[in-house]
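The values are calculated or read from the model by the stated rules, or taken from the named source; none is laboratory data. Keep in mind that what you see is a predicted model, and the values were worked out from it rather than measured. Please note: Cβ atoms are built from the backbone with ideal geometry, for glycine as well, and neighbour counts cover all protein chains shown.
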Amino acid sequence: MAITPLMPVYPRSPVRPVRGEGVYLYGEGGEKYLDFASGIAVNILGHGHPEYTRKVQDQVATLMHVSNLYGSPQGEAFAQRLIDNSFADTVFFTNSGVEAVECAIKTARRYHYHHGRPERHDLITFTNAFHGRTMAAISATDQPKMIEGFAPLLPGFKVVEFDNLEAAIAAVDEHTAGFLVEPIQGEGGIRKGSQAFLEGLRRLCDEQDLMLVLDEVQCGIARTGQLFGYEHYGIEPDIISVAKGIGGGFPLGACLATEKAAAGMVIGTHGSTYGGNPLAMAAGQAVFDEILVEGFLDHVRTIGDRLRGALEQMIPNHDHLFEGVRGLGLMLGVKMKADSRAFVTHLREHGLLTVAAADNVMRVLPPLIIEEAHVTEFVERLSEAARHFEVDNAA
Ligand SMILES: *Cc1c(COP(=O)(O)O)cnc(C)c1O
């Protein structure tokens, strides 16, 4: 048999982690890696965080799962904590980012249905977007590598150019339910939507009673130095999806909505067997116990500035390889003149973990608990690896 036990949909690298400690991962053969990828923006407290680990362990021993047939003191408490710290009035818990996006799409459609406008079912989405891999989520993108061979896609999505307010305005018609947008695109190459773009979408939604749905699966949960990405813009969305960082490594996502936006999500309209189970809630609470501590977001901003500054300082030494740094907080992207995928592979051989993205960008997504010494180590070793990459390429 030629097929691998794991369905071969990923080009898996030779890095094979078996243990983690803080900002470091250890491979099968004892190799040590500085982890500035965090499992793609997930392990925001690093690996084996003592308090987080203890709280999750305690919950495993107490109660893991009961289903949503019963009352959930754990879910109510964590939902309330999210509500107290956001625009939202209500929360649906999921097991992944794409399920949170799915719930957001359904909530937006159902809002218009509830108000007697079932024909308003289309979401306007944007070029280079990434919303996950279910049929609905791939139907919301225009990226050939994600949709090829999976036709027919779901109707109800219209893709226009990212960060182009005029194009978004022009796309609105009698079928529009709202907009689905990452305020700061992740997979698309760490691209930040402009203030005018996000503000303009908000205004349009207010004027025409449309839903502003933000996909904050990557940029939410303290990654950018604010708890949520939308806070950078001084606007409030109607619905958001979050995941990645929220569980600190435990599979957890959430769809947050205002009371108004969730008008159609009544009994029987949606569900999940695992969603929001006691173990997931303990993981989410353990993450929030850390990120809501006074000074935590300041730390993300300060150390993010340090990392960005150090990267910018290094760039002139390798200016045929790197073009510049983009992003916010610890959601950073280095725009490359070389192939970012090849460079990320090269870094792994040098014990550094980062993540490639579209547009020849290398994503730098460390745990949010990194210190000055990790920044120094990362940039020194990156610079060293860059020298070798130049040599390798010249050879
Ligand atoms: C990662 C990501 C998703 C999908 O999350 P999964 O947990 O892989 O389903 C959706 N939207 C954005 C913006 C993401 O970065």
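Please tell me if V66 is within 16 Å of the ligand (Cβ to nearest atom) and either under 18 Å from A254 (Cα atoms) or not in a helix (DSSP H, G or I) (or both). Spelling it out, it is not the case that V66 is within 16 Å of the ligand (Cβ to nearest atom) and either under 18 Å from A254 (Cα atoms) or not in a helix (DSSP H, G or I) (or both).
Checked against the criterion of being more than 16 Å from the ligand (Cβ to nearest atom) and touching a Phe, Trp or Tyr at 6+ places or on another chain (Cβ under 8 Å), segment 218-232 has no qualifying residue. Would you check if there is a residue in segment 191-210 being among the small types (G, A, S), farther than 21 Å from C103 by Cα, within 15 Å of the ligand (Cβ to nearest atom) and not in a helix (DSSP H, G or I)? Yes, because at least one residue in segment 191-210 is among the small types (G, A, S), farther than 21 Å from C103 by Cα, within 15 Å of the ligand (Cβ to nearest atom) and not in a helix (DSSP H, G or I). If you go through segment 164-190 and pick out every residue that is of a type in the set (D, E, K, R) and within 15 Å of the ligand (Cβ to nearest atom), you end up with 2. Per this entry, E21 is counted among residues that are in a strand (DSSP E or B), surrounded by fewer than 17 Cβ atoms within 10 Å (Cβ to Cβ) and more than 16 Å from the ligand (Cβ to nearest atom).
Residues of segment 92-138 that are buried (at least 23 other Cβ atoms within 10 Å of the Cβ), of a type in the set (S, T, Y) and either part of a helix (DSSP H, G or I) or more than 10 Å from the ligand (Cβ to nearest atom) (or both): T107, Y111, T125. Residue count for segment 264-300 satisfying the condition of being part of a loop (DSSP other than H, G, I, E, B) and of a type in the set (D, E): 1. Looking at segment 166-180, is at least one residue within 25 Å of P118 (Cβ to Cβ), hydroxyl-bearing (S, T, Y) and at pLDDT 95 or above? Yes, the conditions are met somewhere in segment 166-180.
Can you work out which of the residues in segment 220-259 that are free of Cβ contacts under 8 Å to residues at least 40 places away in the same chain and surrounded by fewer than 21 Cβ atoms within 10 Å (Cβ to Cβ) is nearest to Q80 (Cα to Cα)? Spell out how you get there, then give the answer.
Keep residues of segment 220-259 that are free of Cβ contacts under 8 Å to residues at least 40 places away in the same chain, which gives 220, 231, 234-235.
Applying the additional criterion that residues be surrounded by fewer than 21 Cβ atoms within 10 Å (Cβ to Cβ) yields 231, 234-235.
Working: E231: 19, G234: 22, I235: 21 Å.
Applying the filter and picking the extreme gives E231.
What about R341, is it surrounded by 21 or more Cβ atoms within 10 Å (Cβ to Cβ), basic (K, R) and either within 21 Å of F130 (Cβ to Cβ) or over 23 Å from the mean Cα position of the chain (by Cα) (or both)? No; evaluated as a whole, the condition is false for this residue. For beta carbons closer than 7 Å, sequence separation of 6+ or different chains, a first residue in segment 167-184 that is part of a helix (DSSP H, G or I) and a second that is surrounded by fewer than 24 Cβ atoms within 10 Å (Cβ to Cβ) and not aromatic (F, W, Y), the qualifying pairs are A167/V160; A167/E161; A168/V160; I169/L204; A171/K158; A171/V160.
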